[in-house]
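> Handing you this structure, nothing more for now.
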Amino acid sequence: MSLRNRLVEPFEKIHYKKIQVIITFSFLTLTIGMVVLVSIMLYNKFSKSAEDNAYLNIGQIIDQVNTNLEFYVSGMKDIFEVVQDNIANSHDISGVQLHEQLSTILNTRKDLVSIALFTEDGQLVHNTPQISMRPNSMLTKQGWFENAKQHPGVLQFSAPHIENLFKQPYRWVVSMSKKIEYYEQGREQAGILMVDINFKTIDELSKRVSLGKKGYVYIIDGLGNIVYHPQQQLIYAGLKYENLESVLNYAYGTYVDESTGEERIITIKTVEPTGWRVVGVTYADETMTTRKDLGSFMIWFLLIVLIIVLIVSVFVSYKISKPLRVLERSVKKVEDGDFGAIIDVSGAYEVEQLSKRFNLMIRRIRELMDQIVKEQEGKRKGELEVLHAQINPHFLYNTLNSVTRLAEMGRKEEVVTTITSLSKFFRISLSKGKHVITLEDELEHVRNYLIIQKIRFKNKFRYEIDAQVEALSCMTLKLILQPLVENAIHHGIEMMVDEGFIGIYAWIEQDELFLRVTDNGLGMTEERVAKVLSNEGHLSGRGSGVGVRNVQERIGLYYGNAYGLTFESELEEGTTVTIRLPIIRAVDQGGDL
Amino acid sequence: MNRSKLVGRFVVLALLFLSAASCSLHADLGQKSSAVTHVDMIVKMDHGDYWKTVKMGAEVAAKEYNVQLNFKAPTNENDYAAQIQMMKQSIADHTEAIILSASDYMALAQVTDQASYAGIPVISMDAEVASTKVKTYIGANNYEAGQKAAQRLIQLTGPDSEIGIINFVQGARNADQRAEGFMDYVARFSGIHLVGNVYCGSDELKAKRLTQQMILEYPHLEGIVALNAEASIGVGKAIDATGQGGHIQLITFDNPPEMLEKLQEKIVQAMVVQNPYSNGYLAVKSAVEAAEGKDIAERLDTGTKLIDLDNMLWPENQKLLFPFVK
């Protein structure tokens, strides 16, 4: 069988109770169930932890950016305070000493662009480095100036802007500004101190952060102005949109934003000194790739497991059920009557055992059937013989002969007795065709026989019949005592010179019925006993026609081989034959057997 | 029987291997689907803030759309031959999309058609090219930009004055369109006398020279428009040299830092600023879409802004005018 056929064959006839279908189905259901369950659990577990990891990771990155920024801004704030202290401690704002101090401070940090002090109406009081001012700078309208003026004594951080005050290249700066007191030639004045930090450091700090391929970090100030955004131009050009309103509602935290149509994870941290918010934007589809990968992997895994399980279970169940099917076919053959069928099934151990036992059983059945046939044959034969015996012409002839002789001699009484006994004998012999009669009838039968024989043999022997009363109602096969008595007369008594004796006894002992025929005749050798029980001992024609062997066989057939005859014989002493029978009461045994 | 069992086991094993193989195969396919798109960007010149800004925008889009961007440009803006060569190279390289900012409207038409025949979509950025095969044009509406410049200049000089144009590359589509827009607007005013439209070839020195010539030739010149960054710088230098800053009304194009300085010093009255960052960004975005075979809009106008002293420090304009953090 080609593999293809083997795999296809099982599908051809789907019988729902077939082992193959059951195995395949349960295998499949179980495996799918388990795999789906495990997959779902794993998927949830993994995707949850992947998600948590992603969030954690983003949070850490944003924290890092925030920390860096805070550190940087705090440093700048410290510098501002140093500058302020220097100015406050200086007697004269235009002193050379102050200028040198401020120059030193400016030179310590490369990203300090300029330090400048203005009066409240925007006139330059002092600046380091000393570069002349550009015209039309409109500085009083700039955010850092206005804020410092409005919030005296509070350090202000501006959003990044272009520094257009001094004749140096335009640069992006963040201005720190504060309204302070200073001394001009000993007189206290109020002014706006401004320190510009180059924005480059912050820009690069933010630019370096990568949150996946598409993710980015941006910074807004407390009012929602963009401090840093990698796509600032696109937002201004209207090509991109950043949902700043919702960001402004949070100072800290993570949420999912879908305002751009894509699922984005927004993480927010506030930079303390400036009130800026660092906002991390990650794309859910990117951070959740693990989940997607996992999902597709699980689906593939499931599919493949399914296919494999299907194939394996079909294969395995086919393997298991095939010998069973062979077995089934063989049993069917037996069912159809072919007991010669020998099953040659190999396969699973159980199946092998089953087929072995089955073979044994078949053999046993065959034997039993042979035996039954044999027994039936024997029964039939025995019954035929009994049938013959019932109307044995030889016996009838002999008896009638002796009756004739008696009549001639005028022995009227004996003629009557003989004829009466003969009539009774035949009546019981026939007994309406019954096989089984009461022991009483059987004894009556043998009594009649003995009466006839005693007359015929001219009182050559005595006889005695003695039976327990309770034994009389037991049932027995008919014509079992007569052949024994006949045997006793012909082989024991007939040849004797002395008067013979035949005793017939019946009793119950240990729930069994015993019948005994005993004589004081010549006795038999053991070989003779054996011959009597075999075919050879059958004296056809001479006796009643039913041999001792027939009795033995019939008892065996009706009651089982446990029952039957036992011979005790001694030469010149006599023979005793004992019949052992089960007790079957007449009441129990209504019908014929 | 034993043999068939063995065969069965082999079948199962083979299936297991197959499934494992199919898994890894699937993973490979998965990676391929999100692979990079190769896009070549050919612009007019390899220096100048304008092109640097274009590149910056393009790079942002490249990151966003997973693009391998190949930025190519000749040293000289006049050098359309070099651009043709670059186009041919890109075609030979089987790049997936080309973004072209053509230095010459006509000269690059043929090679653009060739690229299209080779199945490479061509995106026209900044300046158009005379080919119907171009997928889309991304950039400013140059005609409108020219009109904007003219409108402001006439507001400044009044309807009766002499004005001149310092143009850049003859044959470049954007140069011609700006000039056309400018002249169409000016033509509405009978009192305006257009003294000339000269080409500096995107050379600052030549622009300076041409300006000086123009000023000499027309002493009553009241307004000049310079149609690109290099022309503007040259004109600015020429005005500086005359020491007559503010006397001649000056409208420039684009936003080189030196011109912004002059805007603050009121030597330049206004500048027409394009959005190079958006151009670069949108060009790459469209190139990816074109490479994927999607339908894209025929034109994308990224707009122009007229910047003067009043609005130059508006936050949204600062980033436009100063795209680089230095």
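> Taking the condition of being crowded, with 21+ Cβ neighbours inside 10 Å and not in a strand (DSSP E or B), how many residues in the stretch A:165-175 meet it?
Total satisfying the criteria: 1.
> Could we say that A:G186 is more than 14 Å from chain B (Cβ to nearest Cβ), over 60 Å from the mean Cα position of the chain (by Cα), within 20 Å of A:L155 (Cα to Cα) and of a type outside the set (A, V, I, L, M, F, W, C) here?
no
> Read through the list (1) assigned to a strand (DSSP E or B); (2) within 14 Å of chain B (Cβ to nearest Cβ), then give the number of the only condition that A:K269 fails.
(2)
Quick grid of which residues meet (1) in contact (Cβ under 8 Å) with a residue 60 or more places away in the chain; (2) more than 25 Å from A:L248 (Cβ to Cβ):
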residue: A:T140; (1), (2): no, yes
residue: A:A159; (1), (2): yes, no
residue: A:Q168; (1), (2): no, yes
residue: A:Q185; (1), (2): yes, yes
residue: A:A190; (1), (2): yes, yes
residue: A:G212; (1), (2): yes, no
residue: A:Y216; (1), (2): yes, no
residue: A:G222; (1), (2): no, no
residue: A:Q233; (1), (2): no, no
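> Only one residue in A:K374, A:K454 is free of Cβ contacts under 8 Å to residues at least 24 places away in the same chain, buried (at least 19 other Cβ atoms within 10 Å of the Cβ), assigned to a helix (DSSP H, G or I) and out of contact with any Ser or Thr (no Cβ under 9 Å at 6 or more places or on another chain), so which one is that?
Residue meeting the stated conditions: A:K454.
> I'd like to know if the stretch B:45-52 contains one or more residues that are loosely packed, with under 13 Cβ neighbours inside 10 Å and either in the same structural domain as B:R173 (by TED's automatic domain parsing) or at pLDDT below 90 (or both).
Yes, the stretch B:45-52 has at least one match.
> Can you say whether A:V154 is away from every other protein chain (no Cβ under 13 Å) and either free of Cβ contacts under 8 Å to residues at least 24 places away in the same chain or assigned to a helix (DSSP H, G or I) (or both), as far as the supplied structure shows?
Against the criterion (away from every other protein chain (no Cβ under 13 Å) and either free of Cβ contacts under 8 Å to residues at least 24 places away in the same chain or assigned to a helix (DSSP H, G or I) (or both)), A:V154 does not qualify.
> Now a separate question. Of all residues in the stretch B:64-87 being within 14 Å of chain A (Cβ to nearest Cβ) and of a type outside the set (V, I, T), which is nearest to B:L100 (Cα to Cα)?
B:Q68
> Sticking with this structure for a sec: From the set of residues in the stretch B:275-314 that are free of Cβ contacts under 8 Å to residues at least 60 places away in the same chain, of a type outside the set (D, E) and out of contact with any helix residue (DSSP H, G or I) (no Cβ under 8 Å at 6 or more places or on another chain), which is nearest to the other protein chains (Cβ to nearest Cβ)?
Result: B:L313.
> Could you tell me which residue of the stretch B:267-326 is surrounded by the most Cβ atoms within 10 Å (Cβ to Cβ), considering only residues that are among the β-branched types (V, I, T) and assigned to a loop (DSSP other than H, G, I, E, B)?
B:V268
> Please determine whether any residue of the stretch A:38-53 is under 30 Å from A:P273 (Cα atoms) and in contact with an Asp or Glu (Cβ under 9 Å, 6 or more places away or on another chain).
So far as the stretch A:38-53 goes, no, none of its residues is under 30 Å from A:P273 (Cα atoms) and in contact with an Asp or Glu (Cβ under 9 Å, 6 or more places away or on another chain).
> Taking B:R178 as meeting all but one of (1) under 18 Å from B:A102 (Cα atoms); (2) surrounded by fewer than 21 Cβ atoms within 10 Å (Cβ to Cβ), write down the number of the exception.
(2)
> I'm checking my understanding of the structure. Among residues of the stretch A:342-362 that are buried (at least 18 other Cβ atoms within 10 Å of the Cβ) and over 24 Å from the mean Cα position of the chain (by Cα), which one is farthest from the other protein chains (Cβ to nearest Cβ)?
Of everything passing the filter in the stretch A:342-362, A:I362 is farthest from the other protein chains (Cβ to nearest Cβ).
> Those residues that are assigned to a helix (DSSP H, G or I), over 18 Å from B:K266 (Cβ atoms) and either within 14 Å of chain B (Cβ to nearest Cβ) or at pLDDT below 90 (or both), I need them from the stretch A:136-151; list them, please.
A:T140, A:G143, A:W144, A:F145, A:E146
The values are calculated or read from the model by the stated rules, or taken from the named source; none is laboratory data. Because the structure is a prediction, the values reported are computed rather than measured. Quick reminder, even Gly has a Cβ in these numbers, built from the backbone with ideal geometry, and neighbours come from all protein chains shown.
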